[in-house]
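Novice: Next up is a structure, given as structure tokens.
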Ligand code: AMP
Ligand code: MN
Ligand code: MN
Ligand code: MN
């Protein structure tokens, strides 16, 4: 049976496994089509392509771009991108560029509440020095006993209003979609249930995304309840969007949902993988 997982992470961003290990694990868990979608980074794709080729697993090169839209952080997944595309590479480079400065400010915020040397600490969890994220701080804080698990760290330290949170301006929505399309990819709204949008704002966002040429929306993801799945399936139909399915797997022991271990797409939707 087909098992498509179009959203996961490797050590090229904030995942725990190497790209090759992600591919092997996906294969072991019955995934038949996989996209690796590291944050603002395509450096893991080459290794993943090679590993997938050896295992006869269908591989879709992907990326997850951090976007700021009307003050909210939104993630846009690009699927089926050309790895060597120059405009996309430069765009992602510009998104990554401010991460080190932001990390320094996060460390200063944590220092102010008595947690010292968190930048150095977070760096020990980073594999790709160009991509330091809140997840790496979270792992350090758990390691130091400041919280039980990564989820707890976010709640107490790394979200708005908490000491390690630093507001940040990511890519424009228009640019992110343009880079993905320019690289021959399909732009998909990642985990829409995570955003605290009112229904009118959500409609405004989806209309704007579609205007720029965004084509898809994740309907089935690890953090959607069955009710949210139904809501986003209805929105996919309303906006005529392609529907995606992705675990957002970051690593064993950390992610609740295993690669490929998701419900199937609801009926009556156009699966994005048929367009890839
Ligand atoms: P950043 O791009 O540095 O802001 O980090 C974002 C990453 O943090 C996401 O991709 C998730 O991997 C992780 N993250 C965000 N919120 C949470 C949360 N509440 N619990 C666990 N991980 C989270
Ligand atoms: Mn992540
Ligand atoms: Mn995301
Ligand atoms: Mn993700």
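Bear in mind that the values in this text are calculations on the coordinates, not laboratory data. Because the structure is a prediction, the values reported are computed rather than measured. Please note: Cβ atoms are built from the backbone with ideal geometry, for glycine as well, and neighbour counts cover all protein chains shown.
Novice: Using only Cα atoms, tell me the angle between helix 45-55 and the longest principal axis of the chain; keep it within 0 to 90° and round to the nearest 10.
Specialist: 50
Novice: Sticking with this structure for a sec: Using the count of nearby Cβ atoms within 10 Å as a rough guide to exposure, how do 191, 168 rank from fewest to most?
Specialist: 168, 191
Novice: Right, another one. If I stretch the segment between residue 111 and residue 144 completely, what's the gain in nm (0.36 nm per residue apart, minus their alpha carbon distance), one decimal?
Specialist: 10.5 nm
Novice: Let me ask something else. Multiplying the sequence separation of residue 156 and residue 264 by 0.36 nm and subtracting their Cα-Cα distance, what value in nm do you get?
Specialist: 35.5 nm
Novice: At 222 nm, what value in deg cm²/dmol follows for the chain if DSSP H runs of at least 4 each add -39500 (n - 2.57) and the sum is divided by all its residues, to the nearest 500?
Specialist: When only DSSP H runs of four or more count, the value is -11000 deg cm²/dmol.
Novice: In nm, give the distance between the simple-model label positions of residue 58 and residue 124, each being 7 Å from the Cα along the Cα-to-Cβ direction.
Specialist: With each label placed 7 Å out from Cα toward Cβ, I get 4.4 nm.
Novice: With axes computed from alpha carbons, what is the tilt in degrees of helix 134-143 against the longest principal axis of the chain, rounded to the nearest 10 within 0 to 90?
Specialist: Result, in degrees: 50.
Novice: Among 133-145, 199-211, how do they line up from the highest to the lowest mean number of other beta-carbon atoms within 10 Å?
Specialist: Those peptides, ordered most packed to least, come out 133-145, 199-211.
Novice: So, R0 is 35 Å and r is the distance between the beta-carbons of residue 1 and residue 195; what FRET efficiency does that work out to, to 0.05?
Specialist: So the FRET efficiency works out to roughly 0.65.
Novice: Normalising by the residue count of the chain, find the relative contact order in percent from Cα pairs under 8 Å and 6+ residues apart.
Specialist: So the answer I get is 21 percent.
Novice: Additional query: Neighbouring Cβ atoms within 10 Å as the yardstick, rank 13, 66 fewest first.
Specialist: Listing 13, 66 from fewest to most nearby Cβ atoms yields 66, 13.
Novice: Just order 14-20, 258-264 by mean Cβ neighbour count inside 10 Å, highest at the front, would you?
Specialist: Per-residue Cβ counts within 10 Å, averaged per peptide and sorted highest first, yield 14-20, 258-264.
Novice: Also, I was wondering about something else. Mind giving me the FRET efficiency for residue 87 and residue 234? R0 is 51 Å, r the Cβ-Cβ distance, nearest 0.05 is fine.
Specialist: Given R0 = 51 Å and the Cβ-Cβ separation, E is 0.90.
Novice: Continuing with this model, one more query. For a quick protection proxy, order the peptides 125-131, 42-48, 3-9 by their average other-Cβ count within 10 Å, most packed first.
Specialist: With the highest mean Cβ count within 10 Å placed first, the list reads 3-9, 42-48, 125-131.
Novice: Going by C-beta contacts inside 10 Å, put 98, 254 in order with the fewest on the left.
Specialist: 98, 254
Novice: On C-alpha positions alone, give me the angle between the axis of helix 173-182 and the longest principal axis of the chain, in degrees, nearest 10.
Specialist: For 173-182 against the chain, the angle is about 50 degrees.
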